[in-house]
Amino acid sequence: MAEVLAVAVITVLAVISPGADFAMIVRNSYLYGRTAGLLAALGISLGVLVHVSYTMLGVGLLLSGTPALFTAVRIAGACYLVWIGWKTFRSRVEVDTSGEVGEPLSNGAALRTGFLTNALNPKTMLFIVSTWTQVVHAGTPLLRQAGYGLFISVAHLVWFSLVAGVLSAPALRTRLLRRQVPLNRTIGAVLVALGISLAFTSA
């Protein structure tokens, strides 16, 4: 019971803490609408399962214990965030205040942005690996471990779907779209800053 409670509390704190995933949901939801936001949320939750899968297989220990390998993953994630951030920062007005998109984001692209944001996110990787190495006991049945992983993934999906739903609400989205240029620059700058900080932060 103590293990279950610890995983639940740690997960909630990790999910609601602001990061690249939150910035990506904000970007997709207000610029491209509810469907893009919800698909990005689904992608984020699927990205979590990538980290859960290799950690349960024991690869997470290798990754966390091999500085060069961890650095490669960290740099890849940082480059992705900087690239997306720079694109967002430099983007022109794509959506008018009526919500009509000049260049719509495809469903696949929306899902992919969320997935890659978390699959390449060292913060998520460290959260999963540290949970399995410090909270989940070695003797915990695999079925229960899979349950933990599913819970963590669903928690991400629920939280970010709520965020996407709020930000894509018509009245709020219209107000945000009227300020989309400064918002794009702010979101882009945040993503670039997160990417740079990841690139220069040691494990």
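The values are calculated or read from the model by the stated rules, or taken from the named source; none is laboratory data. These numbers come from a predicted model, not from an experiment. With ligands, DNA and RNA removed, areas are computed over all heavy atoms of the protein, side chains included. Shrake-Rupley method; radii C 1.70, N 1.55, O 1.52, S 1.80 Å.
Give me the percent of the accessible area of the chain that comes from carbon and sulfur atoms, probe 1.4 Å, all protein chains in place.
C and S atoms contribute 71 percent here.
Cut-off 10 angstrom, C-alpha nodes, Gaussian network model of the chain. Which of 47, 165, 114 fluctuates the most?
In the Gaussian network model the winner is 165.
Using a Gaussian network for the chain with springs between C-alpha atoms less than 10 Å apart, which of these wobbles most: 189, 78, 171?
Residue with maximal mean-square fluctuation among 189, 78, 171: 171.
Each residue of region 7-17 in turn: what ³J(HN,Hα) in whole Hz from Karplus with 6.51, -1.76, 1.60 and θ = phi - 60°, glycine and Pro shown as x?
In residue order, the calculated couplings are 4, 5, 5, 4, 5, 4, 5, 5, 5, 7, 6 Hz.
Cut-off 10 angstrom, C-alpha nodes, Gaussian network model of the chain. Which of 193, 72, 119 fluctuates the most?
72
Give the accessible surface of the chain per residue, rounded to a whole number of Å², with probe radius 1.4 Å and ligands, DNA and RNA excluded.
In whole numbers, the chain has 50 Å² accessible per residue.
Across region 107-124, in residue order, what do the Karplus-derived ³J(HN,Hα) couplings come to in whole Hz, using 6.51 cos²θ - 1.76 cosθ + 1.60 with θ = phi - 60° and x for Gly and Pro?
Calculated HN-Hα couplings, in order: 4, x, 5, 5, 5, 5, 4, x, 4, 5, 4, 8, 5, 9, 8, x, 4, 5 Hz.
For the chain, what does -39500 (n - 2.57) per DSSP helix run (n ≥ 4), summed and divided by total residues, give at 222 nm, in deg cm²/dmol to the nearest 500?
Working: 10 runs with 162 residues, N = 203.
-26500 deg cm²/dmol, from helical runs alone.
Give a residue-ordered list of calculated ³J(HN,Hα) values for region 34-42 (Karplus: 6.51 cos²θ - 1.76 cosθ + 1.60, θ = phi - 60°; whole Hz; x for Gly, Pro).
These are the phi-based 3J(HN,Hα) values: 4, 4, 5, x, 5, 5, 5, 4, 4 Hz.
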